[in-house]
Amino acid sequence: KAVISLATGLEDPEKVTVAFLVAVGAAESGRPTLMFLTKEAVRLAVEGIGVGTACEGCPPLADLMKRYTAAGGEYYVCPICFNARHLAEDTLVENAALGGTVPLWEWIGDEPATTFSY
């Protein structure tokens with residue numbers, strides 16, 4: 001299992017791109033992969049927000065998100081952060097759900113998990 005914790009949103013697109021590259025690599029390698037989105041990163045789980053290209057030579061964020069979804073990657077979106085920003089749950093992308101620390105630990109379970117934090 002792989003868990004990528006992302007607290008940064010589009011205010012730092014290069015950090016977001018790196019986190020997605022790690023997540024895509026894990027998911028496309030066949031690992032169960034979860035991105036735990038907190039703080040400004042919760043906006044990335046809203047339909048239509050994950051767009052743009054961080055730098056010259058960087059892949060477009062929308063392409064990385066499509067690859068992540070196609071590989072079976074999931075998102076847990078911090079409900080406290082999400083609600084604090086007055087976002088609507090019905091705007092979440094298809095593979096995202098509101099889920100805090102308890103669901104995160106339940107998803108990890110008793111198996112080892114590799115974690116990355118951005």
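The values are calculated or read from the model by the stated rules, or taken from the named source; none is laboratory data. Quantities reported herein were computed from a predicted structural model and do not represent experimental measurements. Every residue, glycine as well, gets a Cβ built from its backbone with ideal geometry; the counts of neighbours run over all protein chains shown. For accessibility, only protein heavy atoms count, side chains too; no ligands or nucleic acids. Shrake-Rupley method; radii C 1.70, N 1.55, O 1.52, S 1.80 Å.
Being surrounded by 23 or more Cβ atoms within 10 Å (Cβ to Cβ) and not small (G, A, S) holds for only one residue in L10, L21, L6, and it is L6. Every condition in (1) open to solvent by 40 Å² or more (accessible area, probe 1.4 Å); (2) closer than 14 Å to A27 by Cβ; (3) in contact with a helix residue (DSSP H, G or I) (Cβ under 8 Å, 6 or more places away or on another chain) holds for E94 except the one numbered (2).
One line per residue, one yes/no per condition, for (1) touching a helix residue (DSSP H, G or I) at 6+ places or on another chain (Cβ under 7 Å); (2) open to solvent by less than 30 Å² (accessible area, probe 1.4 Å):
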site	(1), (2)
A41	no, yes
G50	yes, yes
C78	yes, yes
G100	yes, yes
G109	no, no
T114	no, no
S117	no, no
